[in-house]
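The values are calculated or read from the model by the stated rules, or taken from the named source; none is laboratory data. Predicted, not measured: the structure shown is a model, and the values here were computed from it. Cβ coordinates were reconstructed from backbone atoms using ideal geometry, including for glycine residues, and neighbour counts include every protein chain displayed. These area figures cover heavy atoms from the full protein model, side chains too; ligands, DNA and RNA do not enter into them. Shrake-Rupley method; radii C 1.70, N 1.55, O 1.52, S 1.80 Å.
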Amino acid sequence: MPAIHYEGNVFPLAENESVLDALLRNGVLAPHSCKAGSCGSCLMRAFEGSIPARAQQGLKESWKAQGYFLPCVCHPASDLSIRAVDASEQVGASIAALDRLSDDVMRVRLQCDAPLEFHAGQYVTVVRENGLARSYSIASLPDAPQLELHVRRVATGRMSAWLHEQARPGDRVSLRGPFGECFYVPGKEDQPLLLVGTGTGLAPLYGVLQDALRHGHRGPIHLVHGALHRRGLYLVDDLRRLGEHHTHFGYVPTVLNGTSSEGLTVGAIDQVVLERFPKLNGWRGFVCGDPDVVKSLKKRLFLSGMASREIHADAFLPSAQAAS
Ligand SMILES: Cc1cc2nc3c(=O)[nH]c(=O)nc-3n(C[C@H](O)[C@H](O)[C@H](O)COP(=O)(O)OP(=O)(O)OC[C@H]3O[C@@H](n4cnc5c(N)ncnc54)[C@H](O)[C@@H]3O)c2cc1C
Ligand code: FES
């Protein structure tokens, strides 16, 4: 069996064991969350040995070339020498402001110590001083003075409950990333865009929307934001105002339970999308939020004619273990 060389230790891999699981089994406090290659929290760097392609999937080419990889999905065929990502490879940041956007969504504004290159809609991994790492999508534009995240409070959630209840302006975190392909690429300014998400899936969509508008996107842009109830929707007034200023932007606030009296659409979000947008040939789509909803919407968009290469999705996978 291949072995992992880490800080002077040699950890042989058990059968089918990932590099991350081998490190954790041997007592290494390696940050991680989804354990599925989706969140970037576990990022590490290899300096000797061959990294399987799957362990670098989704990373920037320049990072791949420098040996960065995701140990949670890394099953090397031969020995691998690795090290943790150190402070110089992360960007330090201070919490600048915390404002409640709804009962359970907090807007977290971060002031980065150094410029972070990103596209609105990508995500960063926020690492607390205790090493806990979770990923959050970026709702703000790169030239905004601060990075904006929307964090939903998860009951017993170690990062989200901390951000909602204990964190204060001035508290320090580190950022890894950015990661992800969910962002606006200019070049087809007349293409219709469909942005669909539930809960804080709005964060990346809000980033993509602002980026498309500032790039002068001319084609229609539709944003369908879904929640269980009216109180689960947020930024409703801002989005309605944007719709008044940009006639080619349409906002469809959608609730599963409620009435249409406040201008809301009532129904399951995939059904609403099907009814309003039955033909999506030639469209570009962005789908973010709850993993099951993302999966079902990706299928719906594809079956309605959207090419799979035009569908950009971020599923907010939860952490794999309560103890992670
Ligand atoms: C690519 C990506 C982007 C993301 N972007 C955002 C974002 O913009 N905003 C945002 O609020 N979140 C986002 N998330 C989710 C976020 O990373 C955390 O998983 C979330 O905040 C919960 O972390 P926590 O430490 O508070 O909870 P944990 O301590 O990790 O979880 C506590 C318990 O709740 C369970 N749990 C956690 N989340 C859920 C869930 N959604 N459904 C059911 N059970 C759950 C866990 O399995 C665990 O048992 C994103 C995730 C990914 C992978
Ligand atoms: S990418 Fe490895 S833990 Fe999420």
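One table, with the values for the structure above:
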item	result
Subset of segment 108-136 [more than 21 Å from Ala212 (Cβ to Cβ) and open to solvent by 40 Å² or more (accessible area, probe 1.4 Å)]	Arg109, Gln111, Asp113, Ala114, Pro115, Arg128, Glu129, Asn130
Residues being in contact with a His (Cβ under 9 Å, 6 or more places away or on another chain) and open to solvent by 50 Å² or more (accessible area, probe 1.4 Å) - total across segment 43-79	4
Test: residue in segment 96-103 that is assigned by TED's automatic domain parsing to the domain that holds Ile138 and more than 16 Å from ligand 1 (Cβ to nearest atom)	yes
Top-ranked residue of segment 1-18 - restricted to ones that are in contact with a helix residue (DSSP H, G or I) (Cβ under 6 Å, 6 or more places away or on another chain) and closer than 21 Å to Asp86 by Cβ, ranked as surrounded by the most Cβ atoms within 10 Å (Cβ to Cβ)	Ile4
Subset tally (residues that are open to solvent by 20 Å² or more (accessible area, probe 1.4 Å), in contact (Cβ under 8 Å) with a residue 60 or more places away in the chain and under 28 Å from Leu303 (Cβ atoms)) for segment 229-268	1
Hits in segment 19-42 - residues which are within 11 Å of ligand 2 (Cβ to nearest atom) and either open to solvent by less than 30 Å² (accessible area, probe 1.4 Å) or in a strand (DSSP E or B) (or both)	Val19, Leu20, Ala30, His32, Ser33, Cys34, Gly37, Cys39, Gly40, Ser41, Cys42
All positions within segment 239-254 that are within 16 Å of Leu195 (Cα to Cα) and either in contact with a helix residue (DSSP H, G or I) (Cβ under 8 Å, 6 or more places away or on another chain) or assigned to a helix (DSSP H, G or I) (or both)	Leu239, Arg240, Leu242, Gly243, His246, Phe249, Gly250, Tyr251, Val252, Pro253, Thr254
Total residues in segment 189-217, condition within 23 Å of Arg300 (Cα to Cα) and surrounded by fewer than 17 Cβ atoms within 10 Å (Cβ to Cβ)	2
Segment 34-75, subset among the hydroxyl-bearing types (Ser, Thr, Tyr) and either more than 15 Å from Gly180 (Cβ to Cβ) or touching a Pro at 6+ places or on another chain (Cβ under 6 Å) (or both), residue farthest from ligand 1 (Cβ to nearest atom)	Ser50
Check on Ser41, among the hydroxyl-bearing types (Ser, Thr, Tyr), within 27 Å of Ser137 (Cα to Cα) and touching a residue at least 60 places away in the same chain (Cβ under 8 Å)	yes
Test: residue in segment 218-228 that is assigned to a strand (DSSP E or B), of a type in the set (Gly, Ala, Ser) and either farther than 16 Å from Arg284 by Cβ or open to solvent by 10 Å² or more (accessible area, probe 1.4 Å) (or both)	yes
Inter-residue pairs, beta-carbon under 7 Å, first outside the structural domain of Cys39 (by TED's automatic domain parsing) and in segment 50-74, second open to solvent by 20 Å² or more (accessible area, probe 1.4 Å), 6+ apart	none
Enumeration of residues in segment 229-238 that are touching a helix residue (DSSP H, G or I) at 6+ places or on another chain (Cβ under 9 Å) and assigned to a loop (DSSP other than H, G, I, E, B)	Leu233, Tyr234, Leu235
Qualifying residue in segment 80-100 (condition: open to solvent by 30 Å² or more (accessible area, probe 1.4 Å), assigned to a strand (DSSP E or B), free of Cβ contacts under 8 Å to residues at least 24 places away in the same chain and within 30 Å of His229 (Cα to Cα))	yes
Count of segment 275-311 residues which are of a type outside the set (Asp, Glu) and surrounded by fewer than 17 Cβ atoms within 10 Å (Cβ to Cβ)	15
